[in-house]
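**Q** Quick one: the structure is below, and I'll ask about it shortly.
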Amino acid sequence: MSAFEWGLQLVLLLLLGAAIPFVIRLERGLSALRRDRGALDGSAQGLAEAASAADATLRRLRATAEEEIRQLDERAGAAERLRDDLRYLTERAESLADRLDVLVRTARPLAAEATPAAPATEDTAAPRSQAERDLMRALRMAR
């Protein structure tokens, strides 16, 4: 072997020696990756189960929402019927109130003629309380 061959082998030996720490690091990384692969597979399976459970929950939620919408529609229909009934009753009540108002207006002059004249002073018909005095004063003012 010549000196040149010995020199090449020495350089090759130094390069192999320098590569050993990199190989050790690579081996540790690969072994960690192999260990984590089992956890990753378990996580993927857990993710699939969680997605399946979420899908089932979403279906139940959608069914519940549809049931609630149906019930709200029924209640809205009942409320519309009640609203229509109340509108009819208020229209009838307004017409009756108008008729009653006309009757009261026509009856007031007749009631004033039928009642005897009140005494001119408070001394002759002395009410017992302040409320009665106020009522008598309001009645006199209404004429």
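**Q** Which option, (1) 18.4, 66; (2) 51.5, 157; (3) 15.2, 45, is the value of Rg and Dmax of the Cα atoms in Å that was calculated from these coordinates?
**A** It is the value labelled (2).
**Q** So, one more: So which residue, out of ARG128, ARG28, ARG75, gets the largest mean-square fluctuation from a GNM of the chain using Cα contacts under 10 Å as springs?
**A** ARG128
**Q** Additional query: Tell me what the chain gives for mean residue ellipticity at 222 nm when only DSSP H runs of n ≥ 4 count, each as -39,500 (n - 2.57), the sum divided by the residue total, rounded to 500 deg cm²/dmol.
**A** Mean residue ellipticity, 222 nm, calculated: -33000 deg cm²/dmol.
**Q** Still on this structure, I have one more. Using only the Cα atoms, what convex hull volume per residue in Å³ does region 20-84 have?
**A** 71
**Q** Out of LEU33, LEU96, LEU16, any idea which swings most in a Gaussian network model of the chain, alpha carbons joined below 10 Å?
**A** LEU16
**Q** By how many degrees, 0 to 90 and rounded to 10, does the Cα axis of helix 130-142 deviate from the longest principal axis of the chain?
**A** Value to nearest ten degrees: 80.
**Q** Relative to the first principal axis of the alpha-carbon coordinates of the chain, what is the inclination of helix 3-114, with its axis defined by its Cα atoms, in degrees from 0 to 90 and to the nearest 10?
**A** 10
**Q** Still on this structure, please answer the following. Among GLY17, GLY38, GLY46, whose mean-square fluctuation peaks in a Gaussian network model of the chain (Cα, cutoff 10 Å)?
**A** In this elastic network of the chain, the residue with the biggest mean-square fluctuation among GLY17, GLY38, GLY46 is GLY17.
**Q** Around ARG87, under 14 Å between beta carbons, what's the net of Lys plus Arg minus Asp minus Glu among the other residues?
**A** Numbers: positive: ARG81, ARG83, ARG92; negative: GLU80, ASP84, ASP85, GLU91, GLU94.
Value of the local net charge: -2.
Bear in mind that the values in this text are calculations on the coordinates, not laboratory data. Note that the structure is a prediction, hence the values are computed from the model and not measured. Note that each Cβ is placed from the backbone with ideal geometry, even for glycine, and that neighbours are counted across all protein chains shown.
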